[in-house]
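The values are calculated or read from the model by the stated rules, or taken from the named source; none is laboratory data. Bear in mind the structure is a predicted one, so any value in this text is a computation, not a measurement. Because the Cβ atoms are built from the backbone with ideal geometry, glycine has one as well, and the counts that use them run over all protein chains shown. Keep in mind that these areas ignore ligands, DNA and RNA; they rest on the heavy atoms of the full protein, side chains included. Shrake-Rupley method; radii C 1.70, N 1.55, O 1.52, S 1.80 Å.
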Amino acid sequence: MKPVLDRRLREKSYGEAGGRPQKWLDRRFVPPPAAGERMHHDEGVQGAETKAAWAQRIYAAMDEILRSPCQHQIVVTHGGSLTFVVASWIKMPIESAGYASFRAPSGSITTLREDDFFHNRQVVSLGDTRHLGSAESG
């Protein structure tokens with residue numbers, strides 16, 4: 001199989017924080033409020049993507065991926081972006097994804113499935129690392 005690269009599946013852009021030490025970002029970062037507007041929240045870093053822009057980018061990529069006529073697909077992305085891959089898969093409206101977080105360890109596998117009868121979508125497994133067992137012990 002030949003991979004199809006799609007930049008829309010990359011991690012969130014932190015604008016001018018890119019390439020700088022984590023401490024630089026930590027001093028400037030403004031976390032989203034516990035209640036209220038979270039998707040368009042300004043995190044205090046010039047040029048950083050909002051959560052809404054990030055989600056829209058991932059949802060657009062997933063829409064295109066899911067239109068592809070094949071039985072199985074493998075999507076490789078960063079951990080933070082996985083939230084919006086899963087949210088898109090279960091058809092969560094973007095405006096409802098402000099509190100969503102589907103986290104998984106690096107190198108893990110998340111399995112998503114749609115049944116052939118009802119066409120319900122499920123998260124079969126999230127962040128499965130069993131395949132890494134032999135590499136960790138070797």
- Residue check for S88: out of contact with any Lys or Arg (no Cβ under 8 Å at 6 or more places or on another chain), among the hydroxyl-bearing types (S, T, Y) and open to solvent by less than 40 Å² (accessible area, probe 1.4 Å): yes
- Item | Scan of region 99-111 for residues that are in a strand (DSSP E or B) and not aliphatic (A, V, I, L, M), ordered by number | T110, T111
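Every residue, every condition in (1) without any contact (Cβ under 8 Å) to a residue 60 or more places away in the chain; (2) within 20 Å of R10 (Cα to Cα); (3) not in a loop (DSSP other than H, G, I, E, B), yes or no:
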residue: P31; (1), (2), (3): yes, no, no
residue: A34; (1), (2), (3): yes, no, no
residue: R38; (1), (2), (3): no, no, no
residue: A55; (1), (2), (3): yes, yes, yes
residue: I74; (1), (2), (3): yes, yes, no
residue: V86; (1), (2), (3): yes, yes, yes
residue: A97; (1), (2), (3): yes, yes, yes
residue: R113; (1), (2), (3): yes, no, yes
residue: S125; (1), (2), (3): yes, no, yes
- Item | Matching residues in region 23-67 - criterion: being open to solvent by less than 50 Å² (accessible area, probe 1.4 Å) and among the acidic types (D, E) | E43, E49
- G15 passes all but one of (1) open to solvent by 60 Å² or more (accessible area, probe 1.4 Å); (2) more than 10 Å from the chain's Cα centre (by Cα); (3) at pLDDT 95 or above; (4) not charged (D, E, K, R); which number fails? (1)
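A quick yes/no check of all residues on (1) touching a strand residue (DSSP E or B) at 6+ places or on another chain (Cβ under 8 Å); (2) at pLDDT 95 or above:
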residue: D26; (1), (2): no, yes
residue: E37; (1), (2): no, no
residue: Q71; (1), (2): no, no
residue: V76; (1), (2): no, yes
residue: L126; (1), (2): yes, yes
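Being without any contact (Cβ under 8 Å) to a residue 60 or more places away in the chain, among the charged types (D, E, K, R) and either touching a His at 6+ places or on another chain (Cβ under 8 Å) or part of a helix (DSSP H, G or I) (or both) is true for just one of K23, K2. Which residue is that?
Just a single option satisfies the conditions, and that option is K23.
Could you look through region 5-20, keep only residues that are assigned to a loop (DSSP other than H, G, I, E, B) and not hydroxyl-bearing (S, T, Y), and pick out the one that is farthest from L66 (Cα to Cα)?
R20
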